[in-house]
Amino acid sequence: MHLPQPDLEWRDDKIPVSLQFDDPYFSLDNGLHETRHVFLAGNGLPDRFSDGFHIAELGFGTGLNLLTTLLEWRRTKQNGTLRFTSFEAYPMSPADMVLAQSAFPEITAIAAEFAPLWPELWQTGRLETPELFLSVVVGDARQTLPNSDLEADCWFLDGFSPAKNPELWDADLMQAVADHTNPLGTFATYTAAGFVRRNLEAAGFSVERSAGYGRKRHMTIGTKKDA
Ligand SMILES: C[S@@+](CC[C@H](N)C(=O)[O-])C[C@H]1O[C@@H](n2cnc3c(N)ncnc32)[C@H](O)[C@@H]1O
């Protein structure tokens with residue numbers, strides 16, 4: 001499969017920065033702690049984990065959110081399978097994913113375990129292990145999400161910053177996010193940008209601002225309203 005590659009530079013040899021979007025892939029403070037604070041705690045995880053729990057994500061990037069989540073799934077000794085579906089327009093090469101993940105000593109072991117599997121992910125769009133069903137849908141999420149049959153329990157909304165990647169936060173896409181969320185499903189995102197909050201509210205979520213990670217004062221979380 002021919003995949004469009006991201007155009008990258010590396011800050012301090014370890015943090016990938018998109019030249020196309022002029023934005024880093026994760027917090028310059030600590031990407032892994034950001035994932036835990038924003039996406040896990042922001043969605044009430046690990047408390048909501050259960051067999052078959054389905055996480056969806058806009059922006060697979062380096063795979064850091066996936067590996068951090070799976071580590072938490074293991075740490076809390078969950079039974080069954082975690083489902084994780086991510087949408088990505090510019091898949092990163094396995095070598096770049098491994099390099100980006102190497103900045104985080106806490107995921108060294110799980111990153112080494114998954115390193116040989118990334119080529120298969122980009123060949124087939126899927127990885128299946130006894131504990132994980134991973135699917136990464138390659139393409140522009142504005143086209144791929146509305147056509148998917150996904151029903152997510154929670155969302156990691158992790159596009160580049162809304163100022164630089166506005167298409168990943170627009171009203172139609174936030175509506176598609178809500179349409180593909182189970183009743184009382186949730187989302188979390190690191191941004192508190194006003195137009196993102198308004199788009200999510202209009203799409204059918206009740207939206208709250210909460211304490212952000214690192215140098216960000218606020219982030220946004222929400223729950224899908226009862227129909
Ligand atoms: C902040 S990074 C995601 C970081 C990632 N969650 C991780 O754990 O490393 C944003 C991602 O959104 C992707 N992206 C940007 N615009 C997109 C679009 N229209 N459709 C799908 N993915 C897009 C970028 O290629 C990038 O991988």
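A short reminder: the numbers here are calculations on the coordinates, not readings from a lab. The model shown is predicted, which means the values in this text are computed figures rather than measured ones. Reconstructed Cβ throughout: ideal geometry from the backbone, glycine too, with neighbour counts over all protein chains shown.
Some points to look at:
- Residue (of Phe49, Phe26, Leu64) at the positive-pole extreme of the range 10-75, dipole from beta-carbon charges: Phe49
- Principal axis extents of the Cα atoms in the range 8-224, from largest to smallest and rounded to whole angstrom, are 42, 38, 32.
- Count Lys and Arg as plus one, Asp and Glu as minus one, and take only other residues whose Cβ is under 12 Å from that of Glu201; the net charge is then +4.
- Cleavage-rule hits (trypsin sites (Lys or Arg not before Pro)) in the range 11-56: DSSP loop, at most 15 neighbouring Cβ within 10 angstrom: Lys14, Arg48
- Alpha-carbon centroid distance for the pair the range 92-162 / the range 28-71, whole angstrom: 11 Å
- Two-site FRET efficiency, Asn182 against Thr124, from Cβ-Cβ distance with R₀ of 30 Å, rounded to 0.05: 0.70
- Per-residue packing, averaged as other Cβ atoms within 10 Å, sorts the ranges 200-212, 80-92 into the order 80-92, 200-212, beginning with the highest.
- Charged-residue dipole, Cβ positions (Lys, Arg, Asp, Glu), the range 40-167 about Cα centre, Debye nearest 20: 160 debye
- Where both bridge residues fall in the chain, DSSP classifies roughly 50% of the beta bridges as antiparallel.
- Peptides 125-134, 146-155, ordered by how many other C-beta atoms sit within 10 Å of their residues on average, highest first, read 146-155, 125-134.
- Cα-centred dipole magnitude for the chain, charges only on beta-carbon of K, R (+1) and D, E (-1), debye, nearest 20: 660 debye
- Gain upon complete extension [Asp226, Lys164; 0.36 nm per residue less C-alpha separation]: 19.1 nm
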